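Take a look at the structure below.
The values are calculated or read from the model by the stated rules, or taken from the named source; none is laboratory data. Only a predicted model underlies this, so the values are computations on that prediction, with no experimental measurement involved. Counting neighbours? That spans all protein chains shown, and the Cβs are built from the backbone with ideal geometry, glycine included.
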């Protein structure tokens, strides 16, 4: 069984009297432990596809199966539970709370599970250590570099042991050297922890870290290549 399976997914946005076909008959599978780059120009459908995989949006038609579960049949609370337990999100803008320390930012996903404070703190510390931020746990975002802020965001994505990380242009706000460090961290997490990583990017040098590249154009998949490494 595939970790992710999408079957003839379509997504139509209505803007007044105009219909915009963001996705058209998209079908693919992604297995556990894959490292996939989703590529394409602006407006190609890659971000819409990522939002559907992350249960942030629902397709207009077709079917999305996550670990064999038909996501389209789930209610709002069940979708929130999947987002919290199954998927870690990493965004271009880091999305950290500015008045909150690194460790408190990492603890946020665990607040919804009712874990005791002591357990939350231990798991958050372990996640920060895994991304190389031991000793920075009490720093606020404005006391951290862009690369360090993104590491906090990755630690937050890891803290609930989610099997999938969805990363949307995670190096978009970083310089070349820091981008390479963040991508090496994703490679390590994928290799050592078998975490499935799905990365949206328009940059070929960032996509080069992946093992598979799916390219979108005009709402359709136009190529799907596995890379021999």
Kindly evaluate residue 103 against the criterion of being buried (at least 20 other Cβ atoms within 10 Å of the Cβ) and closer than 25 Å to residue 139 by Cα. yes
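Can you give me the number of residues within the range 110-156 that are in a loop (DSSP other than H, G, I, E, B) and either in contact (Cβ under 8 Å) with a residue 24 or more places away in the chain or under 13 Å from residue 96 (Cβ atoms) (or both)?
Residues of the range 110-156 in a loop (DSSP other than H, G, I, E, B): 112-116, 131-140, 144-145.
Those left that are additionally either in contact (Cβ under 8 Å) with a residue 24 or more places away in the chain or under 13 Å from residue 96 (Cβ atoms) (or both): 112-113, 131-133, 136-140, 144-145.
Here the count works out to 12.
Please go through the range 191-208 and pick out each residue that is surrounded by fewer than 20 Cβ atoms within 10 Å (Cβ to Cβ) and either in contact with a strand residue (DSSP E or B) (Cβ under 8 Å, 6 or more places away or on another chain) or not in a loop (DSSP other than H, G, I, E, B) (or both). Write out each step before concluding.
At the first step, the residues of the range 191-208 found to be surrounded by fewer than 20 Cβ atoms within 10 Å (Cβ to Cβ) are 191-194, 202-205, 208.
Those that are surrounded by fewer than 20 Cβ atoms within 10 Å (Cβ to Cβ) and either in contact with a strand residue (DSSP E or B) (Cβ under 8 Å, 6 or more places away or on another chain) or not in a loop (DSSP other than H, G, I, E, B) (or both): 191, 192, 193, 202, 204, 205.
Determine, yes or no, whether residue 120 is touching a helix residue (DSSP H, G or I) at 6+ places or on another chain (Cβ under 7 Å) and at pLDDT 90 or above.
Working: touching a helix residue (DSSP H, G or I) at 6+ places or on another chain (Cβ under 7 Å): yes; at pLDDT 90 or above: yes.
In short, yes.
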